[in-house]
Each structure stands twice: as C-alpha cells, then as structure tokens.
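Here's the structure we're looking at; comments come further down.
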Amino acid sequence: CDFDGTIGLLDTIDTLLHRFGQPGWKTLEEDWLAGRMGSGECMRRQVALLDMDADEFADHLSTLDIDPAFPAFAAAVAARGWPLEIVSDGLDQPIRILLARSAVTMPPLASNALHQVSERRWSLTSPHAAPGCAAGTCKCARAERARRTHRGTRVLLVGDGGSDFCAAAHVDHVFAKHKLLAHCRRHGIAHTAIGGFSDALALLPSLHDGSLFPPASIPVEAAISPA
C-alpha cells in the first residue's frame, strides 16, 4: 500500500516544501517531471532545501490527516492474517507519526528515511532503492520481494499516483484511484477503482473468496507499492 495520497490524504513532502522549502525546489520538481532526473535524486535535493526546526516539523504534521477508514482496513486485513506492507517513495517519519496518532499498529514500512542534520537542516537516505531504478523506494522490487516471500499468494497493490505505475505491472490486482486508475485503464492492468479505504474495506470479502479475480481462489497478500 502506498502512503502519500493513498493512506495520507495529502502528499507530505509537497506540503512541507510549500511551507518550508527554500527557492529552487520548484525547479527540481520541473526537472523531475520533465524526466531530467529520477524521483530519488529530486527528493534528496528538495529535502536539503527544507528550512524548519523539529517543533515546526511536528506542528506541520499535526495539520495532516490519513484516510479515516484506513485503521479499519488495516485491522480487517490483520484479522484475516494477510501481510500488509506500506511501500512509499515518501518520508518515514511522517508515516510513523500520522499512523501512531490514529492508533494504527505500524505495519512493515519501506520508504525513504528523513534525518535532521542540524537545527534547521534535513537530509534524505533511501535504504530501499534498487539498481537501475531512479526512485528512492523501488516499488517494483518490493512487489517482487513480496511474491517471493509469500509463495503461492496473490499480491494486491493499493495506490494512487505515478510512483505506483511500475509496481502495478508486477502484482495480481490493483485498488486504484486518481492517476493510477487512469494508468491501469490505459494499459489494461487488472484493477478495481476506489475512492478511498471505505471502498477498499468493502472489497475485502471478494478478495477473501477469490471472486474478484476468477477463476482461481488462493490467498491474497495486501501489499503497498509508491507517491
């Protein structure tokens, strides 16, 4: 499951840059959108332009919310014994803080790591990058890892944006919204449209009995792809 725009209602790094970003972060964004750099490099350079202290960071996160239905979705997935992983090309600290605030038991997380290096300066590392992948977190690699780890299961992706495009081709089914929904339709990727986690929660019975993807009926792994 992706985080920013999927579990989180907004893209966290975008909100931080709009509030605390020094001049130059928009140019980096334009270079990324034009394909002149990968998302991993773009985010590392943008994070280096953040000018905020720890209190300002915490205060900003207090204004952000997650999808109100996600705690119930995560609990229902856990009750079925399905492994759930958050796979994000975003920032680890906001993910942990926002989920803790909503009393969500933290699932395994693959994301970029945010570090405070001085009173007002920050840096980014990408422990889940992969060779040949320009993203900070390679969601394709995580999807393939999920399939290897849980052999004989199906892999589900829940996502919304461009960072999820690659992973969508490496899973068995996608719960998709926004740009990811258009991508799945355009490329004929097996998917179900959702507006949020209330829809995803309502679809769990059809995952459980296998009717969402006939004819086989085998266990499902709920997995997150990318922001």
Q. If we scan the stretch 99-122, do we find a residue that is open to solvent by less than 30 Å² (accessible area, probe 1.4 Å), assigned to a helix (DSSP H, G or I) and at pLDDT 95 or above?
A. yes
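Go through the stretch 66-98 and count every residue that is polar (S, T, N, Q) and not in a strand (DSSP E or B).
Number satisfying all stated conditions: 1.
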Q. Cβ-Cβ below 9 Å, separation at least six or inter-chain, first residue in the stretch 51-64 and of a type outside the set (A, V, I, L, M, F, W, C), second in a loop (DSSP other than H, G, I, E, B): which pairs?
A. 51/22; 51/120; 51/121; 53/119; 53/120; 56/120; 60/52
Q: Restrict the check to the stretch 44-65 and report whether at least one residue is under 16 Å from the mean Cα position of the chain (by Cα) and not in a loop (DSSP other than H, G, I, E, B).
A: no
Q) Among the candidates 84, 33, 9, which residue alone is open to solvent by 60 Å² or more (accessible area, probe 1.4 Å) and in contact with a strand residue (DSSP E or B) (Cβ under 7 Å, 6 or more places away or on another chain)? A) 9
(Q) On the basis of being under 16 Å from the mean Cα position of the chain (by Cα), outside any loop (DSSP other than H, G, I, E, B) and of a type in the set (Lys, Arg), does residue 142 make the cut? (A) yes
Q: Go through the stretch 190-210 residue by residue and tally those that are more than 16 Å from residue 82 (Cβ to Cβ) and either part of a loop (DSSP other than H, G, I, E, B) or open to solvent by less than 50 Å² (accessible area, probe 1.4 Å) (or both).
A: 5
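The values are calculated or read from the model by the stated rules, or taken from the named source; none is laboratory data. Not measured: the values here are computed from a predicted model. Ideal geometry is used to build each Cβ from the backbone, glycine not excepted, and the neighbour counts take in all protein chains shown. These area figures cover heavy atoms from the full protein model, side chains too; ligands, DNA and RNA do not enter into them. Shrake-Rupley method; radii C 1.70, N 1.55, O 1.52, S 1.80 Å.
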